[in-house]
Each structure stands twice: as C-alpha cells, then as structure tokens.
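The values are calculated or read from the model by the stated rules, or taken from the named source; none is laboratory data. Being a predicted model, the structure only gives us computed values, none of them experimental. Cβ coordinates were reconstructed from backbone atoms using ideal geometry, including for glycine residues, and neighbour counts include every protein chain displayed. Calculation scope for accessible area: heavy atoms of the full protein, side chains included, ligands and nucleic acids excluded. Shrake-Rupley method; radii C 1.70, N 1.55, O 1.52, S 1.80 Å.
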Amino acid sequence: MTLSAKYQSVRHLGAGRFLIAILALVLCGACRPDSRPVKLFGEAQGTYYSIQYYDSRNRDLQHEVDSLLADFDMTASLWVDSSLLRRVNRNETDSVNDIFADMLRQSLYINRYTDGAFDCRIGRVVQAWGFSFRTQEAVDSASLTAMLDAARGEVTIDGHRVVKQNPATEFDFNAIAQGYTSDLLARYFDSLGISSYLIDVGGEVVAKGQKADGKPWRVGIERPAEEKSDMPVLQTAIELRDCSVVTSGSYRKYYEKDGVRYSHTIDPTTGAPVGHSLLSVSVVEKSGWLADAMATAYMVMGLERAKAFIETHPDGPGTQSVFFIYDDHGELATYSTPGFQKLIVEQ
C-alpha cells in the first residue's frame with residue numbers, strides 16, 4: 001500500500017496547513033538573490049512536508065528524505081500494522097531501537113514536567129475516540145476507566161527494552177512525532193554540511209541558518225478557522241534562526257456527532273477531548289520535538305492553566321516564546337510571551 005493510500009482518510013486535515021506552508025515559502029523567498037534554494041515537497045505521517053535548503057552542490061535529496069521518513073514510519077507509525085510501535089503496543093516485542101527509546105524517554109520527561117498534561121501512554125484512549133487507526137468506539141465510563149488505568153501504568157526503559165507495568169498500556173507518539181521527524185531531517189542536513197534550511201513537516205518547522213540574502217527565515221502562523229474546510233488565513237508571521245516552531249490546534253482536527261464537536265486533543269487526566277476556549281498554541285524552541293510536546297501540553301491545559309504554568313516555570317523548557325489564540329466570547333483574541341513578541345514581523 002502506498003503512503004498516500006495509508007493516509008487518505010486524514011490527508012484533508014493537512015490541506016490548510018500546506019497552503020500556509022506555501023505562504024511561508026513566499027514570505028521566505030520574497031527578496032531572494034541569485035542563489036536559489038533547492039525545494040522538496042511530499043507526503044509523510046498523514047500530512048505534507050516541504051523543505052528548502054541552500055546547497056553549494058545543488059543536490060536533490062528527495063529520495064533520501066523519503067527513505068528517512070519511510071524508516072521513521074516503520075518505527076513510530078500507528079498506521080503501519082508492522083511498525084515497531086504497533087508491535088510494542090501488542091506486546092509482541094519489548095526490544096526497541098534508538099529512535100523509539102529516545103521518543104519514549106522524552107515523552108515521559110514532558111509528562112512529569114507538565115504534571116500529566118502530556119502523556120504518550122493514552123494510545124488506547126485516543127483510538128477509542130476515533131482519532132487513530134481504529135474507528136470510534138462507544139466510550140462509556142467503565143471502558144474509559146480501564147483505558148485510563150492502563151495509561152497510568154508505570155513505564156521504564158532498560159537500555160533498549162521497554163518495561164510496561166500494565167501490559168494493556170499502549171503508546172501514541174503523534175503529539176511528538178512530527179516535531180521529532182523535523183529534528184531528524186535537520187540532523188541529516190547537518191551531516192551533509194548543509195547549514196541553511198527550512199524544514200516543515202505538517203506545520204512543525206525547523207529553521208537553520210538564514211536565507212541567501214542574510215535575512216532570517218519567515219514562517220506564517222495560521223488564524224484558527226471556523227470550519228476545517230475553510231481556506232487558511234495568516235494570523236501573523238515570525239522570523240526564525242536556528243530554532244523550531246510548532247503550532248498545535250483543535251480547529252481543523254475534530255469531528256461532530258449529535259451536534260457536539262469533539263477535539264482531537266485528549267486530556268490524559270480525564271480521557272476526554274478538551275472543551276475549553278484555547279484554539280491554537282505556537283511554541284518556539286531549539287528542538288522540534290520539545291516545541292511539539294509543549295504545544296500539545298498547553299492545548300490540554302487551556303489558556304489560564306498554561307499561562308500559570310509559564311509564570312511558575314519562567315526559565316523552563318518551552319515557556320519563553322509562546323503564542324496563544326483563543327475564543328474570547330465569540331471573538332478571536334491572542335496572548336503572547338515577551339520572547340515570542342520579539343519574533344513577530346510587522347505586517
């Protein structure tokens with residue numbers, strides 16, 4: 001089965017973000033000198049990827065990038081039945097590779113750091129709500145309690161061996177995978193001596209170096225849409241050098257049933273989709289995986305809890321440059337930390 005076929009049920013979720021990526025490319029290339037970047041486009045992890053980089057040898061790395069992404073799917077994709085993640089979840093193996101072990105360690109760290117707002121152990125809960133490879137199930141209180149018990153089971157890593165206290169615990173790395181993938185691609189380009197690039201995997205962006213004209217990379221932040229099919233509109237743009245930005249939002253990934261809208265963001269403490277006023281969070285950090293995880297954690301917390309967390313962790317990971325868009329009694333409103341404000345490009 002092709003990558004396109006595997007993800008045809010969720011491809012539409014990335015359409016708006018893809019258009020924002022195109023807009024970001026326009027912003028990046030508006031004042032380009034004669035030296036032009038190499039540009040790559042493709043599909044990965046149920047969404048798009050777009051990459052541009054400056055290379056003195058002008059190498060076309062499309063095949064190598066696609067191979068790296070395919071290898072990552074075989075480790076961490078829930079949509080590939082034979083992936084390492086699916087096999088670990090089915091308890092067919094407890095032996096994992098470096099990437100799996102690292103993502104699990106980082107996920108468990110963010111779980112502790114955010115007091116449980118981020119948790120990769122809620123895989124079965126996410127599946128039950130229909131936001132994974134399984135169709136939606138009947139989520140009654142008894143089944144939800146059992147799934148949450150499994151999600152709260154202790155997990156440890158002994159070298160490359162995963163030890164689950166509760167065999168029913170299932171992992172889901174979707175809240176960290178795209179940011180982690182962007183980091184992997186960045187390390188690959190670094191290994192080739194390519195020092196100026198912009199990598200975007202489904203809206204999870206890593207910027208390194210600068211454009212050929214010496215200016216920073218520019219990236220657009222989308223305004224939350226009322227409906228998932230709405231055309232994207234730019235909320236703001238920021239300039240980046242040697243860092244990542246990840247936006248997590250509930251406005252395109254949801255479904256409606258019996259007049260109720262269910263967000264794909266699941267609160268690990270309740271096992272239910274969040275229902276607060278926060279619509280999107282953008283986090284700027286050195287690492288894509290960290291920005292990705294913290295953006296998800298803030299979406300779980302909601303605006304007031306997230307602001308309180310930032311205030312009590314002023315020097316902590318993922319707290320310096322954060323941008324919130326929320327619903328204020330039917331009107332869009334924003335809140336940003338001073339660090340993020342410094343990155344905003346005047347429109």
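Among the residues of the stretch 36-62, those identified as open to solvent by 10 Å² or more (accessible area, probe 1.4 Å), part of a strand (DSSP E or B) and farther than 22 Å from D73 by Cβ are V38, K39, Y54. Here A117 fulfils each of the conditions (1) open to solvent by less than 50 Å² (accessible area, probe 1.4 Å); (2) free of Cβ contacts under 8 Å to residues at least 40 places away in the same chain apart from (2).
With the structure loaded, tell me whether R87 is under 21 Å from the mean Cα position of the chain (by Cα), free of Cβ contacts under 8 Å to residues at least 40 places away in the same chain and either over 24 Å from G318 (Cα atoms) or loosely packed, with under 15 Cβ neighbours inside 10 Å (or both) or whether it fails that test. Steps first, please.
Values: under 21 Å from the mean Cα position of the chain (by Cα): no; free of Cβ contacts under 8 Å to residues at least 40 places away in the same chain: yes; either over 24 Å from G318 (Cα atoms) or loosely packed, with under 15 Cβ neighbours inside 10 Å (or both): yes.
So R87 does not fit the description; no.
Can you tell me which residue within the stretch 275-315, out of those that are open to solvent by 10 Å² or more (accessible area, probe 1.4 Å) and small (G, A, S), is farthest from R112 (Cα to Cα)? For the stretch 275-315, the residue satisfying everything is S277. Does the stretch 16-24 include one or more residues that are at pLDDT below 95, open to solvent by 20 Å² or more (accessible area, probe 1.4 Å), in contact with a strand residue (DSSP E or B) (Cβ under 6 Å, 6 or more places away or on another chain) and not β-branched (V, I, T)? Yes: one or more hits. Scanning the stretch 169-191 finds one or more residues that are surrounded by 19 or more Cβ atoms within 10 Å (Cβ to Cβ), in a strand (DSSP E or B), touching a residue at least 12 places away in the same chain (Cβ under 8 Å) and not basic (K, R).
Does V260 fit the bill of being at pLDDT 75 or above, open to solvent by 50 Å² or more (accessible area, probe 1.4 Å) and more than 19 Å from T319 (Cβ to Cβ)? Criteria not met by V260. Look at I199 and say whether it is part of a strand (DSSP E or B) and either under 23 Å from E43 (Cα atoms) or of a type in the set (A, V, I, L, M, F, W, C) (or both). Judged against the criteria, I199 is a match.
Do we have F72 as crowded, with 18+ Cβ neighbours inside 10 Å, in a helix (DSSP H, G or I) and among the hydrophobic types (A, V, I, L, M, F, W, C) here?
Values: crowded, with 18+ Cβ neighbours inside 10 Å: yes; in a helix (DSSP H, G or I): yes; among the hydrophobic types (A, V, I, L, M, F, W, C): yes.
Yes: the conditions hold for F72.
The set of residues from the stretch 163-210 being out of contact with any strand residue (DSSP E or B) (no Cβ under 7 Å at 6 or more places or on another chain), closer than 18 Å to M74 by Cβ and hydrophobic (A, V, I, L, M, F, W, C) comprises F171, F173, I176, A177, L184.
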